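Data first, discussion second: the structure below is written as C-alpha cells.
Nothing in this text is a laboratory measurement; each read-out follows from the coordinates by a stated rule. Because the structure is a prediction, the values reported are computed rather than measured. With ideal geometry, Cβ positions are generated from the backbone for all residues, glycine too; neighbour counts draw on all protein chains shown.
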Amino acid sequence: MRVLSTGAGEQHGEHRRGTRLPQLWWVLTSRSWVRVPINVFVIEHRDGLVLFDTGLDPAIVSDPRYVDSAVGRLLLRRIFRLHIDPADALASKLEALGHAPSEVTKVVVSHLHFDHIGGIAAVPQAELLVSRREWQQLESRHPEREWVLREHIEIPGARWRPIEFAASPDPLLAPFGGIHDVMRDGSMVLLPTPGHTPGSISMLVRTAGLPPLLLVADLTYEVDLLMRDQVPGTGDAAQLRASFAKVRALREQLPGLLILPSHDPGAAQALSAAMEPPAVRAAAHRSRAVSTPR
Ligand SMILES: [Zn+2]
C-alpha cells in the first residue's frame with residue numbers, strides 16, 4: 001500500500017470544516033486557505049495493481065479550456081488554488097514508485113469529481129469501478145454544475161464499470177447496506193458512504209501485517225473532523241452525518257482502523273507510520289510517550 005499526490009491544492013477553511021455561512025458567500029469572500037494533497041492510493045495485490053482514485057490532470061492548470069464552462073472556470077479559481085505541474089501527472093508519480101501505469105488492472109473511483117478522475121487516461125487498460133448511483137449523475141443535464149466534467153470522464157476507450165452493492169454476510173459491514181468485494185478475497189471491500197456526492201464510496205483494505213485501513217476519499221477532509229461529527233461546507237449534511245456515524249461505529253468494532261481521507265495532510269504520514277515494522281513502531285511509541293507526558 002502506497003500513497004502519492006498528484007500535486008497540491010488549497011481550499012478554504014469554510015469548505016474544509018463547514019460553516020453556517022451560505023456556500024456562495026464563502027466561495028466569493030473567504031480569505032482562509034488551507035494547503036491539501038490530492039492523494040491517490042496504490043495497492044499492490046498479487047493479481048495486479050489497484051488504484052483508489054487517480055488525482056488531478058495537470059492540464060487543469062496548463063489548458064485554459066479544461067473546464068468547459070466560463071462560470072465553472074471562474075468558480076474553480078475561487079474554490080481551489082492548484083499547484084500542479086507536468087511532473088505531478090499520475091504516470092510520472094507511479095513511475096517514481098517503481099510502477100509502470102500499464103501494471104494497473106483496476107481503479108476504484110470514489111466519486112466523479114475532477115480531482116479524482118484526472119488520471120484515467122494514463123491507465124486505459126484498467127477497469128474503472130464506480131458506484132451505479134454516482135454514474136447516474138451523468139444522466140443529469142448539467143453534471144458540470146456538480147463538478148462532474150463529462151468530457152474528462154466519457155473519454156474514448158475508458159473501461160467504466162458501474163457497480164451494484166450486494167448484501168454482506170459480515171455483520172460488521174451490514175450497516176452500510178451493501179458491499180462490493182473488489183478482488184473476491186475480502187482484501188478490498190467497497191462501501192457506500194454517500195454525502196459528499198450521492199454515490200461516493202469508501203474502500204476497506206484488510207491485509208496481513210497492516211492495521212485495517214478505510215479510504216474515505218472526500219467524506220471528510222480530516223479524520224478529527226469526522227470523529228467530532230463536524231461536516232464540511234459542501235455536500236448533503238444529513239447524508240454526511242449518517243455516513244460519519246457508520247464509519248465511527250466500524251472503527252469501534254475494528255480497533256486500530258486507520259481512516260485515510262484524500263485531502264488530509266496527515267494521511268500519508270499516518271499510513272507510513274502504520275507500515276513501519278512493529279518493533280520500530282513500538283520504539284517510536286515509547287519515545288513519543290516520553291516526550292509528550294499527559
Ligand atoms: Zn476531492
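For Ile259, the residues whose amide H sits under 5 Å from its own are Leu214, ignoring neighbours fewer than 5 places away on the same chain, with H placed 1.01 Å from N. Size of the stretch 157-286: Rg and Dmax of its alpha carbons, in Å, are 15.3, 52. Spacing of the modelled spin labels on Thr207 and Arg184, each 7 Å from Cα toward Cβ, amounts to 2.0 nm.
So, by mean Cβ neighbours within 10 angstrom, what's the order for 127-135, 229-237 with the highest one leading? Before the final figure, lay out the partial values.
Working: 127-135: 20.3, 229-237: 18.6.
Order by mean packing, descending: 127-135, 229-237.
Residue exposure proxy: Thr105, Thr54, Thr220, ordered by other Cβ atoms within 10 angstrom of their Cβ from fewest to most, comes out as Thr105, Thr54, Thr220. In this Cβ point-charge picture (+1 for Lys and Arg, -1 for Asp and Glu), the stretch 1-128 has a dipole of about 720 debye about its Cα centre. With the highest mean first, a sort of the peptides 255-262, 156-163 on other beta-carbon atoms found within 10 angstrom per residue produces 255-262, 156-163. You can think of it this way: the chain between Ala238 and Arg132 has 36.1 nm of extra reach, that is 0.36 nm per residue less the Cα-Cα gap.
Distances between placed amide hydrogens fall under 5 Å for Ser131 paired with Ile163, all partners being 5 or more residues away or on another chain.
Here the chain is treated with +1 on each Lys and Arg Cβ and -1 on each Asp and Glu Cβ, and its dipole about the Cα centre works out to around 900 debye.
The mean sequence separation of alpha-carbon pairs under 8 Å and at least six residues apart, normalised by the residue count of the chain, gives a relative contact order of 17 percent. Value of Rg to Rh for the chain, rounded to two decimals, is 0.95; Kirkwood radius and Rg both from alpha-carbon coordinates. Would you please give the FRET efficiency between Leu28 and Thr105, computed as 1/(1 + (r/R0)^6) with r the Cβ-Cβ distance and R0 = 41 Å, to the nearest 0.05? In this case the efficiency is close to 0.40.
Ordering Trp135, Ser62, Thr29 by Cα displacement along the dipole of the stretch 2-291 toward the positive end leaves Thr29 in first place; charges were set at the Cβ atoms of Lys, Arg (+1) and Asp, Glu (-1).
Beta-bridge orientation, the chain: approximately 65 percent antiparallel, per DSSP, counting only bridges with both partners inside.
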